[in-house]
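Q: What follows is a single structure, and I will ask about it in a moment.
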Amino acid sequence: MSNPDKPIEIEGGVVKMVDPAAHSVSAATAKPEAATRRHAPEEPPPAHLYEKQKTVHNQRIDGRFRRFKWAVMILTLAVYYITPWIRWDRGPYAPDQAVLVDLAGRRFYMFGIEIWPHEFYFVAGLLIMAGIGLFLVTSAVGRAWCGYACPQTVWTDLFQHIDRLVDGDRNARIRLDAAPWGPSKIARRALKWTIYLVISFWTGGAWIMYFADAPTLTADFWTGQAAPVAYTTVAILTLTTFVLGGFMREQVCIYMCPWPRIQTAMLDEKSLIVTYKDWRGEPRGSLKKARKEPEKFGDCIDCKQCIAVCPTGIDIREGPQIGCITCALCIDACDRVMADIGKPRGLIDYATLEDCEKEAAGEEPRPVWKALLRPRTIAYTMIWGSIGLAILFALGVRNHTEISASPDRNPPFMLMSDGSIRNAFTLKVRNMESRPRDMQIGLEGLPGAVMWTGEIGRGDAAVTQVIKAQADQTKTIRAYVMAPADTPVTDFRFTVTSLDEQRETDTSETRFSAPGDN
Amino acid sequence: MANKPTEGQRVDEPTGTEFVGHEWDGIEELDTPMPRWWVWTFYLTIVWAAVYVVLYPALPMLEKGTEGILGWSSRGDLAKDMSAADLAQQSFREQLAAIDVVKLQDNPQLMQQAVAGGAAAFKVNCVQCHGSGAAGSQGLGYPNLADDDWLWGGDLQAIEYTLIHGIRQQGDDQTRSSIMPPFAGVFSDEELNAITDHVMSFSKMANSNPLGAEIYANNCASCHGANGMGDRAQGAPNLSDAIWLYGNSRAQIQSQILAPRMGMMPKWEGRLDPVTIKMLAVYVHSLGGGEDVMEVAEDPAVNPDEQP
């Protein structure tokens, strides 16, 4: 066991108190639960039921994965902060914000696509795609979501850069943490937390921009005219960003988030994970010792750089664990050290467990990209792509004109003074185009029947009526359908035709009720 | 690891954590320590609860619960919501009070609000007799308000008048009133059958006959009209249409001749405020059988979109 403060030895699963110096257990056998071990205070023996969070002071590192992480971070933050400000012209009857979730108007706008509430299956499809996308990513590149794209990771990363900017690198931060509170420490903490707070506020502020016209809302927000829910949302998101990004950090990944558990279940021996190649590194020893007796030591010089740069503060050499978000910064750190001491890179590297076993057995290492080509990954890609294509197809062919009819149930029919029978219906005519349109509604399959509406009087009763539908609205119409006396109960249809160049049509099946048969 | 293993306790070898002692199919539970902040969060919820109990109604006592120093109650919330809603409706009610009911059709928005308000008032005050769908009840003699047959007139003014003064309402001089005299003992069986046939012939349910026509002309035509068309001014029902308030079978018609039933509609003036009555009139008018007020033509700006 790598914890030197554990004066125990396990023999046949039973603890015996022993001298700390004699303590040694193979680290490579560690299980995911091992992540919690790093919180152990050095001295004295800890409390029984709870353990203190140990602040992670991760060291600056540069390398290809760090640069990739920078790129993803800049991209995701830019998308998050800038998207609501992109304009998109939809004509005079619809908002000009490219991405807008209009909760009050029950519309979701995304560039050229507008989703109505009854089309929520598109959003459901997107969510399913997001879910399968995560499966796909997990099966191909392991916990890449955790390592690069998860908001918790991105904001934690951002805040750790603030730490570095204000307090200096790892060693300076450790010293400052241990230092007693004085004017300098208070000033630094105040500055750092102020920067946290500004970023957090900006994060919360950006969120609400997705739900209203961004320029208007910004003006309203600062003049105190925005809705109370806007202020509440910003306050909550500011607080959560401040606490989760500034202080909780890796605790969120280890204790709060279900995703690491789910991903742990989805990983298998063919998944790419960040792995310490223990057959190559062990037994570890300092460079001095290793140079003296090269045949006795592996490549790991126990410099602990991989621990120093880790944003969640784990030791990757203990093996795969729940605290590892696979951000690969330890690969960058280890590669630099290997270059310095003249050993090949990749002592810590992306690899599958299966490849590791083969490599340990002496086979040639397989190129990493080959790990991506496996039936599971390909199947996920196919499913993911098919859902995407199906959504696109459905979006392309969807109708922007719809009608639905609901007959009055009480009374189901009514006798008129001339003996004819009248049924009343509530029609909903949807005009899903961002312009007003004339619509022709008509009756089909009900001989001799005429209709009028609440607005068009009985004097103008006819088989078809033309109504005006507002842009992007559902028009509710009271429709009265009158059929000659002795008309039996009949199934018939309401039709709607848009009177523009598209001539979209839709029908709604319903029933004409009549005396004698209910 | 926060948990210092007890001597003699079994531990999980890779993690060095003690076992709790629970085991399911070979999977054992480890006594992994909770993070410290977790327990602080728990304490925080206790503090929250304590503060909540002081501020809000919480503890049940013998008579009633504690009230909390903020004085909050769900009834109070409702009262606040209700008065806010009343306030929001105030301008609409003022507009409606000022406008003549027949001019409402020029103001579709106000009309729409009046219909909605009338629908709500109808559910409270009218459905007991006229039914929730306003279709009335033939057996009980409550008129259908949604058809195109009106005893006293189906334009907005007429409906409002009926609502205000009622029908056969005692103690109101202006109430609508009509009497169908009972003919029990007046006709022989033959005469009764003849007059019944004649009445039914208006709507082609039977063939007319000279005796019936003569009796009708002498006894009925003054109110119901020579061709049974009725007379709204007197509230005399139209006998030639398909709608029969008390039924269209021979027995039902004869019963109505011999011992007529005459319904009563209470006056709502004094029980409902004028604006609510106006809204009810607009709602009833909107049910599908409403007629236009003919006098409205004097105002050239008004172009009724509905013809009777």
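Bear in mind these aren't lab numbers, they're just calculated from the coordinates by the rules spelled out. Being a predicted model, the structure only gives us computed values, none of them experimental. Note that we place each Cβ from the backbone using ideal geometry, even for glycine, and neighbour counts take in every protein chain shown.
Q: So, in Å, what gap is there between the alpha-carbon centers of the stretch B:185-234 and the stretch A:415-434?
A: Cα centres, the stretch B:185-234 to the stretch A:415-434: 37 Å.
Q: Could you give the dipole magnitude of the protein assembly as shown about its Cα centre, charging the beta-carbon of Lys and Arg +1 and that of Asp and Glu -1, in debye to the nearest 20?
A: 4160
Q: Fewest Cβ neighbours within 10 Å first, please rank A:S286, A:S139, B:S255, A:S404 accordingly.
A: So the ranking, lowest neighbour count to highest, is A:S286, B:S255, A:S404, A:S139.
Q: According to a simple spin-label model (label point 7 Å from Cα along Cα-to-Cβ), what is the distance in nm between B:W40 and A:A130?
A: 3.1
Q: Let me ask something else about it. So what is the orientation-averaged projected area of the stretch B:113-212, using the convex hull of its C-alpha atoms, in nm²?
A: Averaging across all directions leaves 9.2 nm² for the Cα convex hull.
Q: Return an integer: the convex hull volume of the alpha-carbon atoms of the protein assembly as shown, in Å³ per residue.
A: Dividing the Cα hull volume of the protein assembly as shown by its residue count gives 285 Å³.
Q: So, with +1 on the Cβ of K and R and -1 on the Cβ of D and E, and no other charges, what is the size of the charge dipole of the stretch B:10-68 about its Cα centre, to the nearest 20 debye?
A: My answer is approximately 560 debye.
Q: Then there is this: Using only Cα atoms, find the angle between the long axis of helix B:189-202 and the longest principal axis of chain B, and express it within 0 to 90 degrees, rounded to the nearest 10.
A: It is inclined by approximately 70 degrees.
Q: Oh, and also: Report the Rg/Rh value for the stretch B:10-68, based on alpha-carbon coordinates and the Kirkwood definition of Rh.
A: 1.36
Q: Pulled fully out, how much extra length does the chain show between A:T55 and A:D500, if you take 0.36 nm times their separation in residues and subtract their Cα-Cα distance?
A: 153.6 nm
Q: Now, a different point. Starting from the amide H of A:E51, placed 1.01 Å from N in the peptide plane, find each other amide H under 5 Å away whose residue is 5 or more places distant or on another chain.
A: Under 5 Å from the amide H of A:E51 lie the amide H atoms of B:M34, B:R36, each far enough along the sequence or on another chain.
Q: Further, regarding this structure: Taking the Cα atoms of the stretch B:189-258, report the difference between the largest and smallest coordinate on each principal axis, in whole Å and largest first.
A: Result for the stretch B:189-258: principal-axis Cα extents of 32, 24, 22 Å.
Q: Under a Cβ-only charge scheme (Lys and Arg +1, Asp and Glu -1), can you give me the dipole magnitude of chain B about the Cα centre, in debye to the nearest 20?
A: Result for chain B is approximately 860 debye, rounded to the nearest 20.
Q: Could you run the Karplus curve 6.51 cos²θ - 1.76 cosθ + 1.60 with θ = phi - 60° over the stretch B:114-131 and give me ³J(HN,Hα) per residue in whole Hz, x for Gly and Pro?
A: 5, 4, 5, x, x, 4, 5, 5, 4, 5, 7, 9, 10, 5, 4, 9, 7, x
Q: Explain nothing, just the number: relative contact order of chain B, from Cα pairs under 8 Å at least 6 residues apart, as a whole percent.
A: This gives 19 percent for chain B.
Q: Mind grabbing the base-10 log of I(q)/I(0) for the stretch A:255-319 at q = 0.15 Å⁻¹? Debye formula, identical points on the C-alpha positions, no solvent, two decimal places.
A: For the stretch A:255-319 at q = 0.15 Å⁻¹, log10 I(q)/I(0) is -0.63.
Q: How high is the FRET efficiency between B:L140 and B:S178 when r is their beta carbon distance and R₀ equals 25 Å, given to the nearest 0.05?
A: Between B:L140 and B:S178 the formula returns 0.85.
Q: In addition: A 22 angstrom limit on the alpha carbon distance is what I want to check against. Which of A:K289/A:K343; A:K54/A:K304; A:K54/A:K270; A:K292/A:K343; A:K192/A:K304; B:K123/B:K267 exceed it?
A: Table pairs above 22 Å Cα-Cα are A:K54/A:K270; A:K192/A:K304.
Q: Something else about it: Looking at the protein assembly as shown only, what percent of DSSP beta bridges run antiparallel? Nearest 5 please.
A: Just about 95 percent of them are antiparallel.
Q: Can you give the log10 of the normalised intensity I(q)/I(0) at q = 0.10, 0.13 Å⁻¹, computed with Debye over equal Cα scatterers of the stretch B:148-271?
A: So the normalised log intensities are -0.34, -0.55.
Q: Another one. In what sequence do A:D500, A:D472 fall when counting other Cβ within 10 Å, fewest first?
A: So the residues, fewest neighbours to most, are A:D500, A:D472.
Q: Efficiency by 1/(1 + (r/R0)^6): what FRET value for A:D302 and A:A379, r their Cβ-Cβ distance, R0 = 45 Å, to the nearest 0.05?
A: My answer for the efficiency is 0.60.
Q: Another one. Straight-line reach from A:K52: which lysines have a Cα under 19 Å away, not including same-chain ones fewer than 8 places off?
A: Filter leaves A:K6, B:K4.
Q: While we're on this one: Which residue, A:F242, A:Y276, A:C356, has the largest displacement toward the positive end of the dipole of chain A when charges sit on each Cβ (Lys, Arg +1; Asp, Glu -1)?
A: A:Y276
Q: Once the Cβ-Cβ distance between A:R189 and B:S74 is put in as r, and R0 is 51 Å, what FRET efficiency do you end up with, to the nearest 0.05?
A: Efficiency, rounded to the nearest 0.05: 0.70.
Q: Average partner chain C-beta neighbours within 10 Å, per residue of A:416-425?
A: 4
Q: Can you sort A:E318, A:E455 so the residue with the fewest Cβ neighbours within 10 Å comes first?
A: Starting with the residue having the fewest Cβ neighbours, the order is A:E455, A:E318.
Q: Add -39500 (n - 2.57) for each DSSP H run of 4 or more in chain A, then divide by its residues: what number comes out at 222 nm, to the nearest 500 deg cm²/dmol?
A: Calculated mean residue ellipticity at 222 nm is -11000 deg cm²/dmol.
Q: Specify which residue in the list B:W40, A:G182, A:P260 is farthest towards the positive end of the charge dipole of the protein assembly as shown, using unit charges on the beta carbon of Lys, Arg (+1) and Asp, Glu (-1), about the Cα centre.
A: After comparing all options, I get A:G182.
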